[in-house]
Amino acid sequence: MKHGKAFLAAAALGGMLVFVAACGSGGSGSAASSAGKVNKTPLTLMFGSSGPAETKAVDTAAAAFTKQSGIKVKVIAASNLTQQLAQGFAAGHPPDVFYLDPGSFQNYAKDNALYPYAQSLPNAKDFYPALRTAFTYQGKFICDPKDASTLALYINTADWKQAGLTSADIPTNWDQLATVAKKLTTGGRVGLVLDNSHSELDEFLYQNGGTVVGSNGKVDLDSSQNVAALTFLKKMLSEGILKFPPSLSSGWSGQAFGENKAAMDIVGNWLVGAMQSDYPSVHYQVATIPAGPTGTAATLSFTNCWGVARSSANVAGAVDFVKFLTTPQQQMAFSKAFGVIPSLATLQSQWQSTFPNLAVHTKELAYAHPDIALPNDTQALTSFDSALTQLVTGNPATILQNAQANLAPLASQDG
Amino acid sequence: MATRQRALLPVRRRAPGAPGARRGRGHAHRVRRREAAAGWLFTAPAVVALIVFLVLPIITAAWVSISDWNGIGSPFSSGVHSVGAANYAALLAKPGLAQQDLGLSIRDNLYYVLLVVPLQTALALLLAIVVSRKALRGRGFFRTAFYFPSVTSSVAVSMIFLFLFADAGVINAALGYLGVHGPNWFSDPNGLLHMIASGLGIRSPAALTGHGLLGVSWWDWLAGPSVAMVTLIILAIWTTAGTFMLLFLPALYNISEQIEEAAIMDGAGPWTRFRRITLPLIRPALFLVLTLGLIGTWQVFDQVFLITQGNPAETTLTPAYLAYLVSFGNQQWGQGAAIAFILFGIIVVFTVLQRLVLRGRGSLNDVRGWRA
């Protein structure tokens, strides 16, 4: 979703080959060994890869775990993780360990398909609270967050200088954001680009003092603060100082930013990898996301967790594997390999000194709200996104009322 | 296909009391029983394959569509309960997102069918007529060239269309030379009929926006295919016309030259010969092409999955893609299966309607009538 359509298609093609190859290499191992002995039943790890760097890093980590524990691990890079996981669960043979997004987490947690290991592990309190919340179901912390991402303001430094702006002009609130966006908008370039999805727009609702899902777990989308926030975005859209990627003929906001069709982009740290590989000559700066009119600082956080299937033939081995994958050393190795932010708050200072230019993203975790995730929410969120895409001609109040009507019943089944 | 298999069976070859049955009824009966057994034996592999790959999945899906299966473990395990018609009710009777999405998907697919089926059939027939002409040099080359899009994988074709119709793609560049500012093909949700209406000064009349069907107002039902859907329509016509050309070709070769010559002698022009001779004589092929086209277009999935994912503004949503989205995305397997069965119902209704329409209008008699 966040890497653009073309990438997804390419990943699908590549992933399919990997998957086919992986399927050919023998089935799962024998049943659990006799009592007393350590269960050495091989494990299967399924994950959705962002690219070759991530696939290689995960392969290396799995090999290191096998060397240490003697438990073999079959690594499957899924071409469509959500679908392949669903197929695994339906067939009664899910992978033992897998990446799990917060939305799917809600579904599987509701159906009691996940082994809830996280709460009892000694490092449970070391993860950032916003990430823990995303994987807490009915008050129970179920699975360990794998990594973290937050939205921040990315600025093209050349455009910035060209518009006569200095470091003192970096926007800290909405008014300033609109002002610099206007200054940065020229004939062929728009000041600000945002992805036309709730995952890149909801932070404005929080910044305006509203909520998406309140602390009581109830959806509260159609508040007056939220209508005002969308109205602010609609105004920027109609003034032409903010655009969505399709109207810049881009698959996602990062492409528009990289091709310099936009001077600023509020986006997650997944942009860093794309800039490195696709637009290495573009210089940019990462700034803290601007606060709302009343000074409320808010951003959205994104994460996946290491899910463990309850029906795994080797639950203990799977949990050991996750423990291995979430150690500080392993998390720093993943960070260096493909640029993710470690999920352990205890690693914050070490990470910030290693990647000072991205320190903003971890500082923001203090006031981050998890991106919305409710059981069975795909259809409702798809509908919300397509309404947001039409924001420039749409009515903010109607959009939010419809989304509220579609999402509220999903939250209530969460118990 | 099933009828053909039955016709090949030896079972019904000897009627009881036929002149050959000399040794009495008992013997004939035994022979027929043996033949029947042999028949079943020979068809057993096909019957087993049909049961395993066709009948059982359909029964499973039918059960899932009336159950609360959550996608974990077998749908026939003890934890799965029947919910009666609740899944169908949520889609057809209860106002809400599920109903509205189904309504939108049926609308989008309906416009797709209404445009693709006639256009691809006409194009296929045109290509077949061109290729079947003896005067054409290099017929083999053209036949292969026209058929090529059909054998290319739909993934590859979809990728090519993504590039062609990109905002700064080839199509828009070509339009730019002609001084036309091309639309943003894949992200333009405006319906063609709405665009025409707004050109005529009509904008969302209250009489149509107030009421609707399946959670979609009449005004939105009349939106027409969106610009994004038009690209999918072009893609479908381009890829399948070649396949159906192949079905028309043998039918055209089968028309005896004598009939054509006789018609020419009687003074029939090319258009009359096409209307009164060619069309009636290829009616079975036409029926096949229309039926296959109708079924295929109602089931469109891969282009939507690869190119638009139902966007923009849910104007390329189709029931087949919606069933996938609801099942795998939303994890509401019962509702997803129910959508699939509703789609099945739609296809049956349309096929029966088309059969009635085609049967009602003349046959070979047209030719005889003309010659008399």
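Looking at region A:79-114 only, could you name the residues that are hydroxyl-bearing (S, T, Y) and either within 20 Å of A:L410 (Cβ to Cβ) or within 10 Å of another protein chain (Cβ to nearest Cβ) (or both)? Even if it seems obvious, please write down each step before you answer.
Within region A:79-114, the subset hydroxyl-bearing (S, T, Y) is A:79, A:82, A:99, A:104, A:108.
Passing the criteria: A:T82, A:S104, A:Y108.
Is at least one residue of region B:119-135 over 30 Å from B:F350 (Cβ atoms) and in contact (Cβ under 8 Å) with a residue 60 or more places away in the chain? Steps first, answer last, please.
The first filter runs over region B:119-135 and keeps only residues over 30 Å from B:F350 (Cβ atoms), leaving B:133-135.
Keeping just the survivors that are in contact (Cβ under 8 Å) with a residue 60 or more places away in the chain gives none.
No.
Condition (residue is touching a Ser or Thr at 6+ places or on another chain (Cβ under 7 Å), modelled with pLDDT under 50, under 30 Å from B:L292 (Cβ atoms) and not assigned by TED's automatic domain parsing to the domain that holds B:L288) applied to region B:3-16: is it met by at least one residue?
Taking region B:3-16 as the starting set, the residues that turn out to be touching a Ser or Thr at 6+ places or on another chain (Cβ under 7 Å) are B:5.
Cutting the leftovers down to modelled with pLDDT under 50 gives us B:5.
Filter once more, keeping what is under 30 Å from B:L292 (Cβ atoms): B:5.
Checking which are not assigned by TED's automatic domain parsing to the domain that holds B:L288 leaves us with B:5.
Within region B:3-16, one or more residues are touching a Ser or Thr at 6+ places or on another chain (Cβ under 7 Å), modelled with pLDDT under 50, under 30 Å from B:L292 (Cβ atoms) and not assigned by TED's automatic domain parsing to the domain that holds B:L288.
Of all residues in region A:340-375, how many are within 14 Å of another protein chain (Cβ to nearest Cβ) and open to solvent by 10 Å² or more (accessible area, probe 1.4 Å)? Show your work before the answer.
At the first step, the residues of region A:340-375 found to be within 14 Å of another protein chain (Cβ to nearest Cβ) are A:373-375.
Applying the additional criterion that residues be open to solvent by 10 Å² or more (accessible area, probe 1.4 Å) yields A:373.
Within region A:340-375, residues that are within 14 Å of another protein chain (Cβ to nearest Cβ) and open to solvent by 10 Å² or more (accessible area, probe 1.4 Å) number 1.
Just one of (1) within 25 Å of the chain's Cα centre (by Cα); (2) over 30 Å from A:A403 (Cα atoms); (3) open to solvent by less than 50 Å² (accessible area, probe 1.4 Å) trips up B:V80, so point out which.
Evaluating B:V80 over (1) within 25 Å of the chain's Cα centre (by Cα); (2) over 30 Å from A:A403 (Cα atoms); (3) open to solvent by less than 50 Å² (accessible area, probe 1.4 Å) leaves (1) as the failure.
Could you check region A:389-402 and list, in sequence order, the residues that are more than 10 Å from chain B (Cβ to nearest Cβ), surrounded by 17 or more Cβ atoms within 10 Å (Cβ to Cβ) and in a helix (DSSP H, G or I)?
A:P396, A:I399, A:L400
On the basis of being open to solvent by 20 Å² or more (accessible area, probe 1.4 Å) and of a type outside the set (S, T, Y), does A:V282 make the cut?
Details: open to solvent by 20 Å² or more (accessible area, probe 1.4 Å): yes; of a type outside the set (S, T, Y): yes.
Taking the combined requirement at face value, the residue satisfies it.
Can A:A163 be described as hydrophobic (A, V, I, L, M, F, W, C) and either out of contact with any Leu (no Cβ under 8 Å at 6 or more places or on another chain) or within 17 Å of A:A291 (Cα to Cα) (or both)?
Values: hydrophobic (A, V, I, L, M, F, W, C): yes; either out of contact with any Leu (no Cβ under 8 Å at 6 or more places or on another chain) or within 17 Å of A:A291 (Cα to Cα) (or both): no.
No, not satisfied.
Any chance region B:25-32 includes a residue that's out of contact with any Cys (no Cβ under 7 Å at 6 or more places or on another chain), at pLDDT below 90, assigned to a loop (DSSP other than H, G, I, E, B) and open to solvent by less than 70 Å² (accessible area, probe 1.4 Å)?
Let us first name the residues in region B:25-32 that are out of contact with any Cys (no Cβ under 7 Å at 6 or more places or on another chain), namely B:25-32.
Then drop every residue that is not at pLDDT below 90, which leaves B:25-32.
When the remaining residues are screened for being assigned to a loop (DSSP other than H, G, I, E, B), the result is none.
No, region B:25-32 contains no residue that is out of contact with any Cys (no Cβ under 7 Å at 6 or more places or on another chain), at pLDDT below 90, assigned to a loop (DSSP other than H, G, I, E, B) and open to solvent by less than 70 Å² (accessible area, probe 1.4 Å).
Condition first: within 30 Å of B:N330 (Cβ to Cβ), more than 14 Å from chain A (Cβ to nearest Cβ) and open to solvent by 60 Å² or more (accessible area, probe 1.4 Å). Now tell me which residues in region B:95-144 satisfy that.
Here is the first cut: in region B:95-144, the ones within 30 Å of B:N330 (Cβ to Cβ) are B:95-116.
Add one more test, that the residue is more than 14 Å from chain A (Cβ to nearest Cβ), and what stays is B:106-107, B:109-116.
Answer for region B:95-144, where residues must be within 30 Å of B:N330 (Cβ to Cβ), more than 14 Å from chain A (Cβ to nearest Cβ) and open to solvent by 60 Å² or more (accessible area, probe 1.4 Å): B:L114, B:L115.
Assess whether A:A337 counts as being in contact (Cβ under 8 Å) with a residue 12 or more places away in the chain, part of a helix (DSSP H, G or I) and either of a type in the set (K, R) or surrounded by fewer than 17 Cβ atoms within 10 Å (Cβ to Cβ) (or both). Don't jump to the end; show me each part of the working.
On the way: in contact (Cβ under 8 Å) with a residue 12 or more places away in the chain: yes; part of a helix (DSSP H, G or I): yes; either of a type in the set (K, R) or surrounded by fewer than 17 Cβ atoms within 10 Å (Cβ to Cβ) (or both): yes.
Considered against the rule, which asks whether it is in contact (Cβ under 8 Å) with a residue 12 or more places away in the chain, part of a helix (DSSP H, G or I) and either of a type in the set (K, R) or surrounded by fewer than 17 Cβ atoms within 10 Å (Cβ to Cβ) (or both), A:A337 comes out as yes.
Working only within region B:164-181, note down all residues that are surrounded by 13 or more Cβ atoms within 10 Å (Cβ to Cβ) and either within 20 Å of B:W238 (Cα to Cα) or touching an Asp or Glu at 6+ places or on another chain (Cβ under 8 Å) (or both).
Result: B:L164, B:F165, B:A166, B:G169, B:I171, B:N172, B:L175.
Could you check B:L288 against (1) within 14 Å of another protein chain (Cβ to nearest Cβ); (2) open to solvent by 40 Å² or more (accessible area, probe 1.4 Å) and say which number it fails?
Failing condition for B:L288: (1).
Give the residues of region B:41-65 that are away from chain A (no Cβ under 14 Å) and open to solvent by less than 60 Å² (accessible area, probe 1.4 Å), sorted by residue number.
Once the filter is applied, which keeps residues that are away from chain A (no Cβ under 14 Å) and open to solvent by less than 60 Å² (accessible area, probe 1.4 Å), region B:41-65 yields B:T43, B:A44, B:A46, B:V47, B:A49, B:A62, B:S65.
Could you grab me the full set of residues in region A:190-224 that are in contact with an Asp or Glu (Cβ under 8 Å, 6 or more places away or on another chain) and either of a type in the set (S, T, Y) or open to solvent by 30 Å² or more (accessible area, probe 1.4 Å) (or both)?
Hits for region A:190-224 are A:N196, A:S197, A:S199, A:T211, A:V213, A:G217.
So if I check each of B:T239, B:T209, which one is among the polar types (S, T, N, Q) and either touching a Leu at 6+ places or on another chain (Cβ under 6 Å) or touching a residue at least 60 places away in the same chain (Cβ under 8 Å) (or both)? I'd like the intermediate steps shown before the answer.
Numbers: B:T209 fails: either touching a Leu at 6+ places or on another chain (Cβ under 6 Å) or touching a residue at least 60 places away in the same chain (Cβ under 8 Å) (or both).
Exactly one of B:T239, B:T209 is among the polar types (S, T, N, Q) and either touching a Leu at 6+ places or on another chain (Cβ under 6 Å) or touching a residue at least 60 places away in the same chain (Cβ under 8 Å) (or both), namely B:T239.
Just give me the residues in region B:207-252 being more than 16 Å from B:N109 (Cα to Cα) and of a type in the set (A, V, I, L, M), in sequence order.
Scanning region B:207-252 gives B:A207, B:L208, B:A241, B:M245, B:L246, B:L247, B:L249, B:A251, B:L252.
Specify which of the listed residues (A:Q83, A:Q119) is closer than 20 Å to A:A316 by Cα, open to solvent by 10 Å² or more (accessible area, probe 1.4 Å) and part of a helix (DSSP H, G or I).
On the way: A:Q83 fails: closer than 20 Å to A:A316 by Cα.
Selected residue: A:Q119, the only one of A:Q83, A:Q119 that is closer than 20 Å to A:A316 by Cα, open to solvent by 10 Å² or more (accessible area, probe 1.4 Å) and part of a helix (DSSP H, G or I).
Identify the single condition in (1) more than 20 Å from A:H369 (Cα to Cα); (2) assigned to a helix (DSSP H, G or I) that A:V190 does not satisfy, given that it satisfies every other one.
The one condition A:V190 does not meet is (2).
Which condition number does B:G267 fail, the rest of (1) assigned to a helix (DSSP H, G or I); (2) of a type outside the set (S, T, N, Q); (3) open to solvent by 50 Å² or more (accessible area, probe 1.4 Å); (4) over 30 Å from A:S386 (Cα atoms) being met?
Status for B:G267: all satisfied but (1).
Hydrophobic (A, V, I, L, M, F, W, C), within 11 Å of chain A (Cβ to nearest Cβ) and not in a loop (DSSP other than H, G, I, E, B): does that describe B:A156? Steps first, answer last, please.
Details: hydrophobic (A, V, I, L, M, F, W, C): yes; within 11 Å of chain A (Cβ to nearest Cβ): yes; not in a loop (DSSP other than H, G, I, E, B): yes.
When the stated conditions are applied, B:A156 passes them.
Of everything in region A:91-115 that's open to solvent by 30 Å² or more (accessible area, probe 1.4 Å) and out of contact with any Pro (no Cβ under 8 Å at 6 or more places or on another chain), which residue is modelled with the highest pLDDT? Walk me through how you get there before you give the answer.
To start, the set of residues in region A:91-115 that are open to solvent by 30 Å² or more (accessible area, probe 1.4 Å) comprises A:91-93, A:101, A:110-112, A:115.
Adding the requirement that they be out of contact with any Pro (no Cβ under 8 Å at 6 or more places or on another chain) leaves A:91-93, A:101, A:111-112, A:115.
Numbers: A:A91: 86, A:G92: 86, A:H93: 90, A:D101: 91, A:D111: 87, A:N112: 89, A:Y115: 94.
For region A:91-115, the residue satisfying everything is A:Y115.
If only one of B:A313, B:A337, B:A323 is within 14 Å of another protein chain (Cβ to nearest Cβ), among the aliphatic types (A, V, I, L, M) and not in a helix (DSSP H, G or I), which one is it? Spell out the reasoning first.
Details: B:A337 fails: not in a helix (DSSP H, G or I); B:A323 fails: not in a helix (DSSP H, G or I).
Just one listed residue meets the conditions, B:A313.
With respect to A:P328, determine if the residue is open to solvent by less than 10 Å² (accessible area, probe 1.4 Å) and modelled with pLDDT of 90 or more. Lay out the reasoning, then the answer.
Values: open to solvent by less than 10 Å² (accessible area, probe 1.4 Å): no; modelled with pLDDT of 90 or more: yes.
Taking the combined requirement at face value, the residue does not satisfy it.
Looking at region B:321-348 only, could you name the residues that are open to solvent by 20 Å² or more (accessible area, probe 1.4 Å) and touching a strand residue (DSSP E or B) at 6+ places or on another chain (Cβ under 9 Å)?
Result: B:W333, single match.
Spot the failing condition for A:E54; the list is (1) surrounded by fewer than 18 Cβ atoms within 10 Å (Cβ to Cβ); (2) in contact with a helix residue (DSSP H, G or I) (Cβ under 6 Å, 6 or more places away or on another chain), and only one is missed.
The single condition A:E54 does not satisfy is (1).
Residue pairs, Cβ under 6 Å, 6 or more apart or interchain, first in region B:166-187 and assigned by TED's automatic domain parsing to the domain that holds B:V230 and within 16 Å of B:V227 (Cα to Cα), second of a type in the set (A, V, I, L, M, F, W, C) and open to solvent by 40 Å² or more (accessible area, probe 1.4 Å). List them.
Once the first residue is assigned by TED's automatic domain parsing to the domain that holds B:V230 and within 16 Å of B:V227 (Cα to Cα) and sits in region B:166-187, its partners that are of a type in the set (A, V, I, L, M, F, W, C) and open to solvent by 40 Å² or more (accessible area, probe 1.4 Å) give B:G169/B:F163; B:I171/B:L164; B:G182/B:L175.
The values are calculated or read from the model by the stated rules, or taken from the named source; none is laboratory data. Fair warning: this is a prediction, and the values are worked out from it, not measured in the lab. FYI the Cβ positions are ideal-geometry reconstructions off the backbone, even for glycines, and counts take in every protein chain you see. The accessibility values were calculated without ligands, DNA or RNA, using every heavy atom of the protein model including side chains. Shrake-Rupley method; radii C 1.70, N 1.55, O 1.52, S 1.80 Å.
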